[in-house]
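The values are calculated or read from the model by the stated rules, or taken from the named source; none is laboratory data. Computed from a prediction, not measured in an experiment: that's the story for all the values here. Cβ placement follows ideal geometry from the backbone for every residue including glycine, while neighbour counts extend to all protein chains displayed.
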Amino acid sequence: MAGAEDVSLPEPCSGAEKEGDKRKVCFIHSQALLVSSDLNPRYTGRAQLVYSLIEAYGLLQHMRVVAPEKATQKQLQGFHSQEYIHFLETHSNQSDLEDEDEETAEEMGLGYDCPLFTGCYDYACEVGGAGLTSADLLLREEAEIVINWSGDGTTQKEMWRLVTATAMTWSWLF
């Protein structure tokens, strides 16, 4: 195994890549994305912890930090049904669901493995936008590598359906 001294990092950059850089690396980050990502009860505090580690190790100087655009409802509907997006939007700030709504949530894949939580619609827009921003940077060849730690998670049962940022990104690319 290679030691830390064997790892080569791209040259530091400040927004625009320098001529001759081996790789163009972008890191997707904004305060809004960080706050929104930490709302997810499955990953409480993870986004802040990861960002703090990246910052503490001085890795930000080796990549361009790009603030993502928040996905619009129309963009989300390119990957999810209008019914699903509407359900997220209308139930995003409710602490308790009625029995009828709880059944609908379960049918949509929002339950134990991927809970509906306060702020989940904003989370969907922020994380979905981060995925789309990542894809856009790659498509426009502004980056060869894009790091987006705010993506969705997976479960053994199925891909987390709250925001399928990975699917959105690949769908956008191809």
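Okay, here's what the table says:
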item	result
Some residue of the stretch 34-50 being at pLDDT 90 or above, surrounded by 14 or more Cβ atoms within 10 Å (Cβ to Cβ) and more than 16 Å from the chain's Cα centre (by Cα)	no
Residue that is nearest to Tyr123 (Cα to Cα), among those in the stretch 64-96 that are of a type in the set (Ser, Thr, Tyr) and out of contact with any Phe, Trp or Tyr (no Cβ under 7 Å at 6 or more places or on another chain)	Thr72
Residue check, Thr118 over 20 Å from Gln82 (Cβ atoms) and at pLDDT 70 or above	yes
Residue within the stretch 125-148 that is modelled with pLDDT under 80, charged (D, E, K, R), at negative phi and not in a helix (DSSP H, G or I) present	no
Cβ pairs under 7 Å, 6+ apart, first in the stretch 120-142 and β-branched (Val, Ile, Thr), second at pLDDT 90 or above	Thr133/Ile28; Thr133/Val66; Thr133/Pro68; Thr133/Glu69
Selected residue (only one of Glu107, Glu69 is out of contact with any His (no Cβ under 8 Å at 6 or more places or on another chain), charged (D, E, K, R) and at pLDDT below 90)	Glu107
Count of residues meeting criterion [at pLDDT below 75, surrounded by 14 or more Cβ atoms within 10 Å (Cβ to Cβ) and under 19 Å from Asn40 (Cβ atoms)] in the stretch 92-101	1
Boolean, Thr118 is more than 15 Å from the chain's Cα centre (by Cα) and over 16 Å from Ile28 (Cβ atoms)	yes
